[in-house]
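Student: I am attaching a structure below and will ask some questions about it afterwards.
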Amino acid sequence: MAPEAVGWDWAGINLLDGASRMGFRMRDKDGGTHYAPPGTTMQPLRWWKSPRTGVAYPVSMQLDDLRLEPLMDDQELDSRLSTGTIYWEGAVRAFRGSDWVGRGYLELTGYWKPMKL
C-alpha cells in the first residue's frame, strides 16, 4: 500500500447470471481515490456510524453500474486485539436500478485509523 493511502474499499460480487465482479479503490487521507484499476469507480452512497466505536463507514456503495446495499448496517469488526484495527466487512446485495442482480461482500478499511501494513 502506498504511504499516502489510508485504506481501501473492496467488493467481490457473484451475479445471478453466473458472472462475477470485483472492484477496489485505495483511498487517500481526504477520502478521495488514490488508486483504482482503470475503468473501476467506487462512490459512497450512504454512511452508517457505529454506536460502539463512533466510526462512520460508507455501507452503501456504487461500484460501476452496481449499487451495493448491506444486508444489515452493523457488520463492523473490532479486531484491535488480533490485527490491531477496526474495519467493516459484510454481506451485501447488488442492484442495477431496482433489480436485484447479485450478492457478495464489501470490505471497508482505514476509516478508524490509517491502515499500517
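Student: Among the residues of the stretch 1-26, write down those that are touching a residue at least 40 places away in the same chain (Cβ under 8 Å) and within 11 Å of the chain's Cα centre (by Cα).
Tutor: G7, W8, D9, W10, A11, G12, G23
Student: Just to be sure I understand, how many residues within the stretch 41-52 are outside any strand (DSSP E or B) and surrounded by 14 or more Cβ atoms within 10 Å (Cβ to Cβ)?
Tutor: 1
Student: Oh, and also: Looking at (1) of a type in the set (A, V, I, L, M); (2) closer than 24 Å to K116 by Cα; (3) touching a Ser or Thr at 6+ places or on another chain (Cβ under 6 Å), which one does V6 not meet, given that it meets all the others?
Tutor: For V6, the exception is condition (3).
Student: For the structure I just gave you, tell me whether R27 is part of a strand (DSSP E or B), in contact with a Phe, Trp or Tyr (Cβ under 7 Å, 6 or more places away or on another chain) and buried (at least 17 other Cβ atoms within 10 Å of the Cβ). So that I can check it myself, show each step before the final result.
Tutor: Details: part of a strand (DSSP E or B): yes; in contact with a Phe, Trp or Tyr (Cβ under 7 Å, 6 or more places away or on another chain): yes; buried (at least 17 other Cβ atoms within 10 Å of the Cβ): yes.
Against the criterion (part of a strand (DSSP E or B), in contact with a Phe, Trp or Tyr (Cβ under 7 Å, 6 or more places away or on another chain) and buried (at least 17 other Cβ atoms within 10 Å of the Cβ)), R27 qualifies.
Student: Then there is this: Quick one: D73 ticks every box in (1) of a type in the set (D, E, K, R); (2) assigned to a strand (DSSP E or B); (3) buried (at least 16 other Cβ atoms within 10 Å of the Cβ) except a single one, so which number is it?
Tutor: With respect to (1) of a type in the set (D, E, K, R); (2) assigned to a strand (DSSP E or B); (3) buried (at least 16 other Cβ atoms within 10 Å of the Cβ), D73 is out only on (2).
Student: What number of residues within the stretch 59-117 satisfy the criterion of being in contact (Cβ under 8 Å) with a residue 40 or more places away in the chain, of a type in the set (D, E, K, R) and touching an Asp or Glu at 6+ places or on another chain (Cβ under 9 Å)?
Tutor: Counting residues in the stretch 59-117 that are in contact (Cβ under 8 Å) with a residue 40 or more places away in the chain, of a type in the set (D, E, K, R) and touching an Asp or Glu at 6+ places or on another chain (Cβ under 9 Å) gives 1.
Student: For the stretch 83-110, which residues satisfy the criterion of being in a loop (DSSP other than H, G, I, E, B), over 13 Å from the mean Cα position of the chain (by Cα) and closer than 27 Å to D30 by Cβ? Give the derivation first.
Tutor: Taking the stretch 83-110 and keeping what is in a loop (DSSP other than H, G, I, E, B), we get 83-84, 97-98, 109-110.
Add one more test, that the residue is over 13 Å from the mean Cα position of the chain (by Cα), and what stays is 83-84, 97-98.
Across the stretch 83-110, the qualifying residues are T83, G84.
Student: Working only within the stretch 1-39, note down all residues that are under 19 Å from R103 (Cα atoms) and either small (G, A, S) or modelled with pLDDT under 95 (or both).
Tutor: Within the stretch 1-39, A11, G12, G18, A19, S20, G23 qualify.
The values are calculated or read from the model by the stated rules, or taken from the named source; none is laboratory data. Keep in mind the model is a prediction, meaning the values are calculated, not measured. Ideal geometry is used to build each Cβ from the backbone, glycine not excepted, and the neighbour counts take in all protein chains shown.
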